[in-house]
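Only one structure is covered here, and it is reproduced in the block below.
The values are calculated or read from the model by the stated rules, or taken from the named source; none is laboratory data. As the structure is a prediction and not an experimental result, all values here were calculated from the model. Neighbour counts run over all protein chains shown; Cβ positions are idealised from the backbone, glycine included.
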């Protein structure tokens, strides 16, 4: 069952131009820092403000593009391609069998492993569930001991269902078993998420706007500074109720 706890009113956020170092994400960073010592600089970019990638995607799982915000040699798509091959071979699965389990075409998976596809968040998560690994293992890139995610950087993947984009900020080390994301979404269609790997738990703190989220059968409404935790291994949803909504999501997995 979802539980909510108010964690106090966030400090007044500054409205700054894109090049300014201070962003309204500071509230979310402060809230998330209570549970993690890692210092992060988050993306200030909003869904729909990137002219290179339109808001609307078709119904195909693979034509809702992943943001290519890093250099080609270190692109998120290249990282996903290498991770898919590695995890599929580790699991001893053929291309056809993994595609069947994930509910995608074999040709689509072949393209993704070749680094030629533009996977949506739904596709990557479906592949992670089929492989029995967390989402982050398929999108994380090599990191240094001290790592900063600059505004506009990091692997960003959009949803095919809604105005929703997720940015992986940091993947937990094996012992920690937790990943941290920034999610940004706008009013409109809700993102309906399928169950993640068994034992997954989500923790979410709203930085700005209003959000309805939680298990599909019992979603809750949250405002700035509110916190919710709920099982991630059941159908769940994310729905923005006001413009400019963003939150920090911490996902625990076995």
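Structure data summary
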read-out	value
Strands (runs of 3 or more DSSP E) contained entirely in the range 193-237, each with at least 2 residues that are modelled with pLDDT of 90 or more, over 16 Å from residue 181 (Cβ atoms) and in contact with a strand residue (DSSP E or B) (Cβ under 7 Å, 6 or more places away or on another chain)	211-215, 220-222
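Residues are listed down the side, and each one gets a yes or a no for (1) in the same structural domain as residue 197 (by TED's automatic domain parsing); (2) in contact with a strand residue (DSSP E or B) (Cβ under 8 Å, 6 or more places away or on another chain); (3) at pLDDT 75 or above; (4) not in a loop (DSSP other than H, G, I, E, B):
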position	(1), (2), (3), (4)
109	no, no, yes, yes
125	no, yes, yes, yes
129	no, no, yes, yes
133	no, no, yes, no
157	yes, yes, no, yes
